[in-house]
Amino acid sequence: MSEAQPSKKVGGHAYGRRHLQMSNTAEEGELCIYHGHSLGRFSTHSMRFDSHQACVRCVAGAREGRISFDIDRLLKKHRQKALKFWASVEIGSPDECWEWRGCINKRTKQPQFAWRRPGLSSSTQHHPQRVAMWFSWGDLGYTAVRTTCGNKYCCNPFHLIPQKVGVFVDQDSYYESFELACELHTLKQQVAEYVMEKAIKEQEKLSEIDNLTEREALILNPDTLYGDKFEAVMTDILEGKHISQANAFNLGLHDKPTDHLTEDENPTEDY
Ligand SMILES: [Zn+2]
Ligand SMILES: [Zn+2]
C-alpha cells in the first residue's frame, strides 16, 4: 500500500464510507467536540482525516488506547448533549453490557440518537454505539465501530472497538484503572442530576398548567359567585399573575402555542 495517498472522495452518505481504509491525509474539517482540538486557539476548525472525518488528535488518543468519560473535556456546548445521551444508557459496571434505553426507530428497529452534525453527515440520527464512541474514544467521525459482545444495543465503550484506526485495547488495564473508575462515578452522578433537573422542570410546567386550568374554570363558570371571582382576580393581581399583567416577554401559557419541534423530534427516521 502506498503511503500518503489522499483518499478518493466518494460522494454520498458518510455512513457508506465507514468500512473504507482510513486515509493518510487530513483536511480542515468540522470543529472537534473536544477542548483544545481546534487548529488554533480561535479557530473553528479541526484537522480531520478526509476519509472518515475523524479528528486527528482524537485518532492519536485512540491509538494510544485512551478512553475517557470526563464531560468537562468536551466543549461546553456539547456537554448537555452528552448528558442527554448517557441518560438514555443503562450505565453498568465496566465489564457489563450497557443497554440502550433511548429511541428505537419504528421502521428499521435500529436504536438511534438525534444529533445534528452537519460537518460530518447530513443525517440527523446516529447509532448510539457511534455516539458512545464519540463521547469516550473521541470524535472519530464515521469510523466504523464494532462490539466485542455482539449486543447491538450495548453502548459500553469498553465493548466498542473503533475499526481501521489501529486502536490499542487493553481491557484489563481499563477495568483496573482508578482514573476511569472515578470518571465513571462522576459521570453517573452528573447524569442522575441531569435526569432530576429534567423531571423537576417537567413537574413545574405541569403544575403551572394545572393552576391555570383551575383558575380559568373558576372565572369562566357562570355560577361562580362575584366574591369568589373578585378574590381570584385580586390574588392573581397581587401575585403578578393576572392576564392583564402579562408582558410580551413572559406570556407563559397565554402565549402563542410553542413549536416543540426540536431536533429530537426525528425529522427523518434514518441515520
Ligand atoms: Zn478531537
Ligand atoms: Zn456489551
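Below, the figures for the structure above:
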read-out: So Ala4, is it more than 16 Å from ligand 1 (Cβ to nearest atom), modelled with pLDDT under 90 and open to solvent by less than 30 Å² (accessible area, probe 1.4 Å); value: no
read-out: Some residue of the stretch 46-68 being within 16 Å of ligand 2 (Cβ to nearest atom) and either more than 20 Å from the chain's Cα centre (by Cα) or open to solvent by less than 50 Å² (accessible area, probe 1.4 Å) (or both); value: yes
read-out: Counted residues, the stretch 16-48 - those being touching an Asp or Glu at 6+ places or on another chain (Cβ under 8 Å) and modelled with pLDDT under 90; value: 5
read-out: Selection within the stretch 34-47 - more than 7 Å from ligand 1 (Cβ to nearest atom), touching a Cys at 6+ places or on another chain (Cβ under 9 Å) and under 14 Å from Gly61 (Cβ atoms); value: Met47
read-out: All positions within the stretch 21-45 that are touching a residue at least 60 places away in the same chain (Cβ under 8 Å) and surrounded by 14 or more Cβ atoms within 10 Å (Cβ to Cβ); value: Met22, Gly29, Glu30, Leu31, Cys32, Ile33, Tyr34, His37
read-out: Candidates His159, His185 - the one that is over 20 Å from Met22 (Cα atoms) and buried (at least 20 other Cβ atoms within 10 Å of the Cβ); value: His159
read-out: Identity of the residue in the stretch 160-180, under 23 Å from Gln112 (Cβ atoms) and in contact with a Phe, Trp or Tyr (Cβ under 8 Å, 6 or more places away or on another chain), that ends up nearest to ligand 2 (Cβ to nearest atom); value: Leu160
read-out: Any hit, the stretch 220-234, residues being touching a His at 6+ places or on another chain (Cβ under 8 Å) and surrounded by 15 or more Cβ atoms within 10 Å (Cβ to Cβ); value: yes
read-out: Hits in the stretch 189-208 - residues which are open to solvent by 90 Å² or more (accessible area, probe 1.4 Å) and within 12 Å of Trp86 (Cβ to Cβ); value: Gln189, Glu193
read-out: Residue pairs meeting the criteria (Cβ under 6 Å; at least 6 apart or on separate chains; first closer than 13 Å to Ala62 by Cβ, in the stretch 116-142; second part of a strand (DSSP E or B) and of a type in the set (A, V, I, L, M, F, W, C)); value: Met133/Val145; Met133/Leu160; Asp139/Cys55; Leu140/Ala54; Gly141/Ala54
read-out: Residues of the stretch 75-89 classified as surrounded by 15 or more Cβ atoms within 10 Å (Cβ to Cβ) and either over 25 Å from Cys58 (Cβ atoms) or among the polar types (S, T, N, Q) (or both), total; value: 1
read-out: Per-region count, the stretch 106-156, residues more than 16 Å from ligand 2 (Cβ to nearest atom), among the hydroxyl-bearing types (Ser, Thr, Tyr) and more than 22 Å from Gly29 (Cα to Cα); value: 1
read-out: Tabulated pairs, the stretch 154-172, first on the phi > 0 side of the Ramachandran plot, second open to solvent by 40 Å² or more (accessible area, probe 1.4 Å) and more than 15 Å from ligand 2 (Cβ to nearest atom), C-beta under 8 angstrom, 6+ apart or interchain; value: Lys164/His19; Lys164/Leu20; Lys164/Gln21; Gly166/Arg63
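The values are calculated or read from the model by the stated rules, or taken from the named source; none is laboratory data. Small disclaimer: the values here were computed from a predicted structure and weren't measured. Cβ coordinates were reconstructed from backbone atoms using ideal geometry, including for glycine residues, and neighbour counts include every protein chain displayed. Surface accessibility is based on the protein's heavy atoms, side chains included, excluding ligands, DNA and RNA. Shrake-Rupley method; radii C 1.70, N 1.55, O 1.52, S 1.80 Å.
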